[in-house]
Amino acid sequence: MTATSAYRTWSPTRRSLLTAGLSALALLTTAAGAVAAPPAPPVAPPPADGLGQLDPRFGVQGRVVTTFPDLAAGASALAVHGDGFVAAGGSLPNDSPDFLLARYRADGRLDRRFGTGGQVVTPFAAVTGAGGAEGVAVQRDRRIVAVGTAGLGTDGDLGFAFARYREDGRLDRSFGGGDGIVVLPVGPAGDSGASDVAVQRDGRIVAVGGANDAAGNAVFAAARLLPDGRPDPSFGDGGTALVLIPGGDAAAFAVALQPDGKIVLAGTAIGPGLTGQQFAVVRLTDRGVPDSTFGEDGIAVAQNQPEQGKGGAEDVVVGRDGRILVAGLGQNAAGQGAFGLVRFLPDGALDPSFGGGTGLVLTEFPEGESVAASVLLRRDGRIVAVGSAGFPSRFALAGYLPDGTLDPAFGSCGRTTTVIGEGSGATGAVLLDRGAVVAAGSTFDSTQTTGGFALARYLGDPRRPQRPAEATAPVTAGIAAPVCLG
């Protein structure tokens, strides 16, 4: 490797940076001496049934916790599945390689028709670095694809792991070698892992993550499978692609698909040109090579602060206008973590209509340090970022207007947090009709010996009509926004 990374780049996946037990930010804060949270600015109390408030019709007062027998579990990803949701994850202390899935009805109850009582456990061989499912996607036929990191069966080597399930949670025997599972070597070093997955319209499956190239550099990695699980020979080099970001280590944590077939990867990188960690975006053509019309040789990078010591993208979404929005770990001038958002134009330049002309937005929470794990784009152009904040950690959400300013109608003047158990953090989220949000992650104790999947649903605004994503002016009809002070 050309630089010392802050974490193992092929398996940070979301859990390493975000929640798996305590959030990494909370652990860093503890190790360095707890940092007192600044006093919260005065705000008007939010309406009990307003945008961004917990939906009491979901679970118990808006919250759901699901445990797995004999395992401290946490969810890493969430996807809409028919009229419900499917969450995927693994062991919080990373002591089990098994994929864990749970399917929920719309009201938060486990769907007893799925797997065993609503849950599925898919065993994988125990190998250092393997740690459960990190990404999940749903095909048009409602089959479910989960990805993560698993052993290749040789000398502890790691590869991209795929598992495909039928609608009822059974492994899909038509995928892979007849067992519903594929573990694919990505890169020459036998050291790779997947963090996110998306399914193209033609059924081909794209997974992204990190790998080491022949020179030992940690790089962005992608793999594409045909619908039956075979590597797609038309993509990259025999179905896989590696992208070196000059200057240091890098890994992709999220993927988004453009309508024109191009593939957008987002993650963390050290370099090029800027010191410290940064938000990095790579765009590939449908053939799996860097898109020369984007950024510099297909790569675009940004930082919230010069030489920031921690940061990077954890999720990405592409708007209907082609602009690319990423969210993850930002850093303020004092070195504390915060929600970081960056928006790029379709050519990779920072979007001057976002963040007061900078293309960058940094959002701090009064509870303490925070990190965004998921970002959602509403059809009217407004944005919701979801993650964790504070110590002990809790679910945290922030709502934004299309220009990146906090949405005063969301939560308490743009922010809301939710305590679930002793500690919790959100790592995935989905957007429902009329702006409702379901977030998923983990709840845990301070020792990580107990924990479970945690979900929370937040109200949308049924009075607000859906509008195209190209809208740029704030939409306020139907919402009585609170007066935000301070």
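The values are calculated or read from the model by the stated rules, or taken from the named source; none is laboratory data. Source: prediction; values computed, not measured. Neighbour counts are summed over all protein chains in view; Cβ atoms, including those assigned to glycine, are modelled from backbone coordinates with ideal geometry. For the accessible areas, the whole protein counts, side chains as well, though only heavy atoms, and no ligand, DNA or RNA atoms are used. Shrake-Rupley method; radii C 1.70, N 1.55, O 1.52, S 1.80 Å.
Observations on the model:
- Segment 309-361 - percent of accessible surface contributed by carbon and sulfur, probe 1.4 Å: 57 percent
- Pairwise FRET efficiency - residue 332 versus residue 67, Cβ, R0 = 45 Å, nearest 0.05: 0.80
- A full extension of the chain between residue 214 and residue 80 corresponds to an added length of 44.4 nm, given 0.36 nm per residue minus the alpha carbon distance.
- Gap separating the Cα centres of segment 371-411 and segment 158-225, nearest whole Å: 29 Å
- Amide H contacts of residue 427: 440, 441, 442, each under 5 Å away and 5 or more positions distant or on a separate chain (H built 1.01 Å from N in the peptide plane; Pro and chain starts excluded).
- Karplus-derived 3J(HN,Hα), 6.51/-1.76/1.60, for each residue of segment 210-219, Hz, glycine and proline x: x, 7, 9, 8, 5, 8, x, 6, 7, 9
- Solvent-accessible area per residue, Å², over segment 273-340 with all protein chains present [probe radius 1.4 Å]: 34 Å²
- The amide H of residue 132, built 1.01 Å from its N in the peptide plane, has 98, 149 as neighbours under 5 Å, considering only residues 5 or more places off or on other chains.
- Environment charge of residue 446, counting only residues whose C-beta is closer than 15 Å and scoring Lys/Arg +1, Asp/Glu -1: -1
- Column: log10 I(q)/I(0), Debye, Cα scatterers of segment 209-296, q = 0.22 Å⁻¹: -1.09
- In Hz, Karplus ³J(HN,Hα) per residue of segment 312-326 (6.51, -1.76, 1.60; θ = phi - 60°; x = Gly, Pro): x, 8, 10, 8, 8, 9, 10, x, 5, 8, x, 6, 10, 10, 10
- Per residue, segment 76-128 exposes 38 Å² of solvent-accessible protein surface, assessed with a 1.4 angstrom probe and all protein chains in place.
- Here the Karplus curve 6.51 cos²θ - 1.76 cosθ + 1.60, taken at θ = phi - 60°, turns the phi angles of segment 85-94 into couplings of 9, 10, 10, 10, x, x, 6, 4, x, 6 Hz, with x standing for Gly and Pro.
- Accessible heavy-atom area order of 127, 371, highest first, probe of 1.4 Å: 127, 371
- Taken along the Cα-to-beta-carbon direction at a fixed 7 Å, the label points for residue 358 and residue 307 span 1.8 nm.
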